[in-house]
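Below is one structure; the comments refer to it alone.
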Amino acid sequence: MSDTKIKICGLFRLCDAEYVNCAMPDYAGFVFYPQSRRNISLKLALELRKALHPAIATVGVFVNASYTEIVELCCQNIINVVQLHGSESNEFISGLRCILPENKIWKAYRIRSAKDLEVAKTSAADMVLLDNGHGSGKRFDWSLIMDFCRPFILAGGLTPENIPDAIKQFNPYALDISSGVESDGVKDKTKIYAAVAAARRG
Ligand SMILES: O=C(O)c1ccccc1NCC(=O)[C@H](O)[C@H](O)COP(=O)(O)O
């Protein structure tokens, strides 16, 4: 049994909540970024939150969004965790924490080199998410993070098949998966179940 948590990201249909409820991951992610094909409205996010099992925490994914947009979703209890996926600074994160002291803040970093990891190490966020891109379905070079010295969430190109290896190598706080639990561009119930089962087994 592993204690690594798992987030299924990018729910955008009501049936996705049903699929996720069968598998019971720790987190479910909603993307609020109009340029993404997984972008959802506040109204759909509210419906999805209501449809999800209450034990599943919800994560809002934002790219350089305003405080106003983020705060509205938190105050309506549609999301529990804020995931910043743009070029948000430590100052922006600290300001957000003052406004939302009850909500955890995660900051995603696109890992291309050791320099990116230096930036992630000094992040003001509660948790850093090491990723390859914006739900790209591709891995970054995992050899870069062998000596990374703070708890992190691993993302980018994860699949039910490579999850055991990811846990064995890095014992991350959590895994974040989106494309790897999709078939033909939509969430796949069987893959979601397999990913969560693989994370639980370790
Ligand atoms: O998923 C998106 O479309 C997206 C768009 C813009 C910013 C972030 C986005 N996703 C963030 C996530 O948390 C993904 O789960 C993460 O990047 C991993 O994605 P994948 O490689 O597809 O598993």
If I filter segment 52-59 for residues that are within 16 Å of the ligand (Cβ to nearest atom), in a loop (DSSP other than H, G, I, E, B) and in contact (Cβ under 8 Å) with a residue 12 or more places away in the chain, do I get at least one hit?
yes
Looking at Glu102, Glu91, can you tell me which residue is in a helix (DSSP H, G or I), among the charged types (D, E, K, R) and farther than 30 Å from Arg201 by Cα?
Glu91
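Within segment 1-51, count every residue that is at pLDDT below 95 and either in a helix (DSSP H, G or I) or not hydrophobic (A, V, I, L, M, F, W, C) (or both).
Residues flagged as at pLDDT below 95 and either in a helix (DSSP H, G or I) or not hydrophobic (A, V, I, L, M, F, W, C) (or both) within segment 1-51 amount to 1.
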Test for Ala194: is it closer than 23 Å to Val20 by Cβ and part of a helix (DSSP H, G or I)
yes
Gly86 - would you say it is farther than 23 Å from Leu46 by Cα and assigned to a loop (DSSP other than H, G, I, E, B)?
yes
Against the conditions (1) under 28 Å from Ser66 (Cα atoms); (2) exposed (fewer than 15 other Cβ atoms within 10 Å of the Cβ), where does Met127 fall short? Just the number, please.
(2)
Residue list for segment 139-155, filter: within 16 Å of the ligand (Cβ to nearest atom) and either of a type in the set (Gly, Ala, Ser) or in contact (Cβ under 8 Å) with a residue 40 or more places away in the chain (or both):
Ile153, Ala155
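The values are calculated or read from the model by the stated rules, or taken from the named source; none is laboratory data. For clarity, every value in this text was computed on a predicted model and none was experimentally measured. Backbone-built Cβ (ideal geometry, glycine too); neighbour counts: all protein chains shown.
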